[in-house]
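In what follows, a structure is listed as structure tokens, so that the remarks can point back to it.
The values are calculated or read from the model by the stated rules, or taken from the named source; none is laboratory data. As the structure is a computational prediction, the values presented were derived from the model and not from experiment. We place every Cβ from the backbone using ideal geometry, glycine too, and count neighbours over all the protein chains shown. These accessible areas exclude ligands, DNA and RNA; they are computed on the full protein's heavy atoms, side chains included. Shrake-Rupley method; radii C 1.70, N 1.55, O 1.52, S 1.80 Å.
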Amino acid sequence: NEAMESWLITPVVDLSGATTPHLEFDNMKRFGGTDLVVNISTDYDGSSAPSTATWSDVTSMFTMDADDASWNFVNSGSVDISSLITGSPSTVYIAFQYVGGTVDGSVYEIDNMYISEGPYVAPTPTVYDIQYTTDPGGVSTMNGDNVTDVKGIVVAESSAAWDTDDRGYWIMDGVGAWHGIFVWDTVNTVAVGDSVLVTGQVNENFSHTIIRNVSGLTVLNSGNTLPASTIL
């Protein structure tokens, strides 16, 4: 634990043509310590020390991770920042500021930062989108991302497994490689043939890409024909 101050500052963002720009990001806090601060500046020059600029602390506008005992990302919410950029909309910088102490210190991660015209609407990923990767180790490009309404047909389930680490179900959204994934879900019960929408987090578990931390499950209908098996 060292006394220190760190700034992660974006390049300049040109919002001169924006009407209702919204900012959104995923954030994660681990271990107790000083909270992260979200700042916006319209007069920073992009290269000098942060202390040379005027920064507006906008942390309270966002949802920040308060569970410092897990590695789970929390979405900040899509926040309208138009009122903060009226002075100089073409020279906007966004910064994440962390001050560490000598008796404690947190780990922070920021991911999936978006600035959009109007509230950001994330595209609905498919199982294929989650699984396909060129990484030699098979790591998903969406590892750690929160995903909403991933659709698939349940092709197998293990809700009765004695070990809770094995409970869940496999879903597929097509035939062939990259179209199947295991959903680690110790709460919800499904049946083979159910068409479902799953909301959770993409995770690498012992070199297998899975969906875990399931926060939502919708069964659309049941008794569907299963996708054909493929020998890979």
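To the nearest 20 debye, what charge dipole does the chain have about its Cα centre, counting +1 at the Cβ of each Lys and Arg and -1 at the Cβ of each Asp and Glu?
440
Of I181, N213, T225, which is farthest along the charge dipole of segment 160-232 in the positive direction, counting Lys and Arg as +1 and Asp and Glu as -1 at C-beta?
It is T225, whose Cα lies furthest towards the positive end.
Per DSSP H run of n ≥ 4, the term is -39500 (n - 2.57); total these for the chain, divide by its residue number, and report the mean residue ellipticity at 222 nm rounded to 500 deg cm²/dmol.
-500 deg cm²/dmol
Calculate, axis by axis, the spread of Cα positions in segment 1-112 along the three principal axes, and write the results as whole Å, longest axis first.
The principal-axis extents, from largest down, are 42, 29, 19 Å.
What list of ³J(HN,Hα) couplings, whole Hz, do you get for segment 3-9 from phi and the Karplus terms 6.51, -1.76, 1.60, once you set θ to phi - 60° and write x for glycine and proline?
So the J values, rounded to whole Hz, are 5, 7, 9, 10, 10, 10, 10.
Under the rule a/c < 1.5 gives rounded, and otherwise a/b versus b/c splits prolate from oblate, where does segment 192-232 land using the Cα gyration tensor?
Verdict is oblate for segment 192-232.
Divide, for segment 65-200, the radius of gyration over alpha carbons by 2.2 N^0.38 Å, where N is the residue count.
Ratio of Rg to 2.2 N^0.38 Å for segment 65-200: 1.38.
Expressed as a rounded percentage, what relative contact order does segment 137-231 have, with Cα pairs under 8 Å and six or more residues apart?
That works out to 33 percent.
Can you order the peptides 112-125, 1-14 by their average number of other Cβ atoms within 10 Å per residue, highest first?
Highest to lowest by the protection proxy: 112-125, 1-14.
What is the percent carbon and sulfur in the accessible area of segment 46-144, measuring with a 1.4 Å probe over the protein chains and ignoring ligands?
53
For the chain, what's the relative contact order in percent, using C-alpha pairs closer than 8 Å and at least 6 residues apart?
20
For segment 86-152, how big is the tail of P(r) above 21 Å, as a whole percent of Cα pairs?
In whole percent, the share of Cα-Cα pairs in segment 86-152 beyond 21 Å is 55.
Any idea of the accessible area per residue across segment 1-122, 1.4 Å probe, to the nearest Å²?
Per-residue accessible area for segment 1-122 comes out at 51 Å².
What list of ³J(HN,Hα) couplings, whole Hz, do you get for segment 166-180 from phi and the Karplus terms 6.51, -1.76, 1.60, once you set θ to phi - 60° and write x for glycine and proline?
Whole-Hz 3J(HN,Hα) from phi for segment 166-180: 9, 7, x, 7, 9, 10, 10, 10, x, 10, x, 4, 6, 9, x.
Using a 1.4 Å probe over the heavy atoms of the protein chains, calculate the carbon and sulfur portion of the accessible area of segment 190-232 as a whole percent.
54
Compare the peptides 136-149, 198-211 by average per-residue count of other Cβ atoms within 10 angstrom and give them in order, highest first.
The densest-packed peptide leads the list: 198-211, 136-149.
Please state the charge dipole magnitude for segment 39-151, taken about the Cα centre, from unit charges on C-beta atoms (+1 on K and R, -1 on D and E), reported in debye and rounded to the nearest 20.
That gives segment 39-151 a dipole magnitude of about 160 debye.
Can you tell me the order of 67-76, 218-227 when each peptide is scored by its average per-residue count of other Cβ atoms within 10 angstrom, highest first?
67-76, 218-227
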